[in-house]
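This report refers to the structure that appears directly beneath it.
What follows is calculated from the coordinates using simple rules that are stated; it is not laboratory data. Since the structure is predicted, the reported quantities are computational estimates derived from the model, not experimental observations. Backbone-built Cβ (ideal geometry, glycine too); neighbour counts: all protein chains shown.
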Amino acid sequence: MNNDLLVEIKDLHLDFHTFDGVSKVLNGVNLKIWSGDILGLVGETGCGKTMTALSIPRLITCPPGEITSGQVFFEGEDVLQKTEEEIRLLRAKKLAMIFQDPATSLNPVFSIGDQMIDIIGSRRDTSRASRLGLLGAFGNLVPAIRRLRRAAKGRAIEMLQRVGIGDASERIEDYPHQFSGGMRQRVLIAASLSGTPSLLIADEPTTALDVSIQAQILRLIEELVQELNLSVLLITHNLGVVAKMCQRVAVMYAGVVVECGSAMDVFKNPKHPYTVGLLGAIPTYGTKRGEIQGIPGSVPNFLAPPPGCRFHPRCEHAMPRCAEEPPPAPVEIAPGHEVSCFLYS
Amino acid sequence: MSETLLEVRRLKKYFPLRGGLFQRRMGSIKAVDGIDLNIEPGQSFGLVGESGSGKTTVGKTILRLVEPTEGEIVFEGQDLCRLSESEMRERRVDMQMIFQDPYSSLNPRMTVKRIVGEPMLIHKRAKGRALDDRVRELISLVGLMKDHLYRYPHEFSGGQRQRIGIARALALEPKMLILDEPTSALDVSVQAQVLDLLLELQQRLNLTYLFISHDLAVIRYVCDRVALMYMGKILELGHVEDIFQEPMHPYTQALLSAMPVADPEYQPEEIILEGEISTLGGEEGTCRFAPRCPASKSDRCTEEEPVLKELSDGHLVACHLYDGG
């Protein structure tokens with residue numbers, strides 16, 4: 001196996017048990033992230049982008065979630081087989097994650113300094129991490145704990161400065177509500193990258209932000225990726241952001257990756273009818289009136305998804321077999337460009 | 001110039017900022033600070049800006065859902081600010097609003113039939129059989145089915161709910177619609193459906209739109225003329241193509257360059273703005289954008305407030321770069 005392969009998700013099936021029945025959220029997801037990749041994962045609300053990403057650090061709560069089959073490899077090891085302590089250290093040391101809404105990812109009653117010191121402390125092994133929190137404020141009376149806290153604070157200030165928060169040594173005492181949306185996202189980036197991660201999972205990092213702030217944050221992520229030699233899984237529904245940031249793109253629909261390839265291939269030469277529809281639905285630079293077209297219908301109900309290919313009720317190329325058989329395994333139609341559709345198999 | 005349907009003159013809305021002992025008035029937030037616009041019938045006028053720029057407040061003050069502090073709102077030759085509450089309620093028949101969030105703008109306890117029929121009951125336009133017929137007509141106009149009539153909002157997807165909102169807004173046959181981020185909560189494939197519906201309805205019913213959005217691509221797709229707002233001021237105003245082809249104001253240039261385009265080949269040189277929009281409103285007598293402006297060179301930017309000036313036919317810019325400075 002290619003040893004540059006950082007993450008490999010193989011035929012992942014995820015169910016959620018709800019009061020109304022079993023919701024089949026992921027239905028055979030295949031995804032590969034090579035090291036140094038910036039992979040964009042796009043799709044509409046509810047298509048399973050976030051669930052796919054959360055399966056890498058195994059953050060899906062079970063129950064109600066249940067991974068019924070499939071494997072998730074991170075650096076060659078199966079994440080699903082690890083013990084709790086192993087997975088905790090993996091999350092702390094190798095993975096960084098930032099979320100859509102920076103306001104809800106920070107605790108409003110602690111200063112950002114306290115939160116960052118906690119996070120930095122948790123990157124160490126359990127005994128030292130717990131020592132940081134030990135005795136609360138009285139912990140400062142113990143020299144060893146004081147030293148640990150001081151080191152963690154230094155690292156926090158260094159990271160805050162790196163992400164562009166001026167006078168970081170003063171602002172570290174501030175609480176989350178004293179920061180604007182863009183600044184909070186910077187704090188989160190600083191906190192998540194304060195370890196030595198090899199993969200950054202960015203879940204809609206700029207969706208809640210304005211265009212000019214979005215540009216700042218995207219530029220910052222680009223710089224940090226270069227500097228820290230990160231691989232990125234960028235989840236977004238904004239195809240513009242993907243075109244700007246990513247080398248490779250995976251398109252998801254209703255719990256399946258339908259198309260995956262280089263950004264150039266997918267945007268310029270989309271093959272799957274859903275990708276074609278999605279690209280045709282957004283007004284871009286110079287689109288004239290009447291040129292965009294929505295995809296008729298809406299996303300299927302996951303409790304009772306349509307049989308066969310889940311896109312077939314909305315697909316203009318649907319054939320009888322699309323409704324009968326599950327969609328074929330991804331076919332490589334050009335180097336690195338894979339499509340899962342009967343049109344190409 | 002042809003006649004105007006709506007003219008807004010020197011519109012201001014200041015929100016009091018209270019604090020300290022007994023919630024004294026400490027100052028004010030200048031959400032809208034003296035803007036002028038005019039909208040011709042049958043036109044789509046776009047209002048773009050970042051969050052906190054005051055664009056939604058403009059929409060709400062025009063309907064007097066929020067009372068303006070100062071200024072005139074002239075609709076078909078009548079100043080709306082001089083009307084009494086009950087007269088204003090009558091006038092609102094001609095101007096309806098569609099909101100961003102189709103989840104919170106529909107009453108969850110009402111069926112679609114009641115939601116769409118309610119405006120006509122309130123304004124005593126129809127009842128009984130005539131009301132039923134009219135509701136059915138509206139529902140099919142926005143692309144919903146007859147069997148949707150007796151369902152509740154939670155049974156619909158976001159795009160369908162937005163269609164219900166549109167049907168409700170059209171119930172009184174308004175002349176003008178104020179659309180506040182009508183597609184921001186929707187997915188792209190559904191957004192396209194709703195935008196096409198809006199364009200089709202505009203053609204069919206000869207509607208005038210005031211389209212408020214932060215999405216430049218959507219504005220470009222829908223609107224004829226567009227105004228860029230920043231901290232309660234209009235910085236640039238003109239025909240959509242003029243502004244998108246030849247943006248003049250440094251803010252417009254930066255915003256357009258920062259707009260992500262879904263085309264890996266077309267990636268223009270980005271102008272990244274430093275800092276963020278301030279929500280407190282700018283200082284009097286300075287250019288609001290000066291602290292973040294990449295082009296701000298002269299002292300005039302911080303000493304004198306630029307005014308909107310016509311550069312070419314119908315293209316207005318408020319910037320000292322273009323007024324001989």
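The table for this structure:
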item: Acute angle (nearest 10 degrees) that the helix B:188-205 long axis makes with the longest principal axis of chain B, alpha-carbon atoms; result: 80 degrees
item: Between the range A:191-236 and the range A:251-269, the Cα center-to-center distance that results, in Å; result: 21 Å
item: Net charge of neighbours whose Cβ lies under 10 Å from the Cβ of B:His214, counting Lys and Arg as +1 and Asp and Glu as -1; result: -3
item: DSSP beta bridge pairing in chain B, given as percent antiparallel to the nearest 5; result: 60 percent
item: Sum of side-chain charges, B:Gln253 neighbourhood, beta-carbon under 12 Å (Lys, Arg +1; Asp, Glu -1); result: -4
item: Under 5 Å, built H, 5+ apart or other chain: amide partners of A:Ile38; result: A:Val232, A:Gln247, A:Arg248
item: In order through the range B:33-50: 3J(HN,Hα) via Karplus (6.51 cos²θ - 1.76 cosθ + 1.60), integer Hz, x for Gly, Pro; result: 10, x, 10, 10, 8, 9, 10, 8, x, x, 8, 10, 10, x, 10, 10, x, 6
item: With Cα atoms, 0 to 90° folded angle of helix B:112-122 axis to chain B main axis; result: 80 degrees
item: Euclidean distance of C-alpha centroids, the range B:212-244 and the range A:55-83, integer Å; result: 47 Å
item: 14 Å beta-carbon shell around A:Ser298, net charge (K/R +1, D/E -1); result: +1
item: Chain A - percent relative contact order, Cα under 8 Å, separation 6 or more; result: 21 percent
item: Packing-based order for B:196-206, B:79-89, using average beta carbon neighbours within 10 Å, highest first; result: B:196-206, B:79-89
item: For peptides A:95-104, A:239-248, sequence by mean Cβ density within 10 Å, most packed first; result: A:239-248, A:95-104
item: Calculated from backbone phi, Karplus (6.51, -1.76, 1.60) coupling profile of the range A:195-210 in Hz, x at Gly/Pro; result: x, 10, x, 10, 10, 10, 9, 10, 9, 6, x, 10, 5, 8, 10, 6
item: Calculated FRET value between B:Cys81 and A:Asp174, using beta carbons and R₀ = 35 Å, to 0.05; result: 0.25
item: The range B:78-148 versus the range A:1-30: alpha-carbon centroid distance in Å; result: 45 Å
item: Chain B, relative contact order [Cα under 8 Å, separation at least 6], %; result: 20 percent
item: Estimated distance in nm for a label pair at B:Ser312 and B:Leu17, the labels positioned 7 Å out from Cα along Cα-to-Cβ; result: 4.0 nm
item: Among A:Ile189, A:Ala334, A:Leu6 the positive-end extreme of the charge dipole of chain A (Cβ point charges); result: A:Ile189
item: Neighbouring partner chain Cβ atoms per residue of B:42-50, average, 10 Å criterion; result: 1
item: Inter-chain shielding of A:243-250 (mean C-beta neighbours from other protein chains, 10 Å cut-off); result: 3
item: Cut-off under 5 Å, modelled amide H: who pairs with B:Ile178 long-range; result: B:Gln96, B:Met97, B:Ile98, B:Leu210
item: Computed E for A:Ala304/B:Arg91 - FRET, C-beta separation, R0 56 angstrom, nearest 0.05; result: 0.70
item: Bridge type composition, chain A - antiparallel percent by DSSP, nearest 5; result: 65 percent
item: Peptide-level mean, for A:293-302, of C-beta atoms on other protein chains within 10 Å; result: 4
item: The range A:50-104, relative contact order in percent, only Cα pairs under 8 angstrom and at least six apart counted; result: 31 percent
item: Inter-label distance for B:Glu265 and A:Glu325, nm, one decimal - labels placed 7 Å from Cα along Cα-to-Cβ; result: 3.5 nm
item: Fraction of antiparallel bridges per DSSP, the protein assembly as shown only, in percent to nearest 5; result: 65 percent
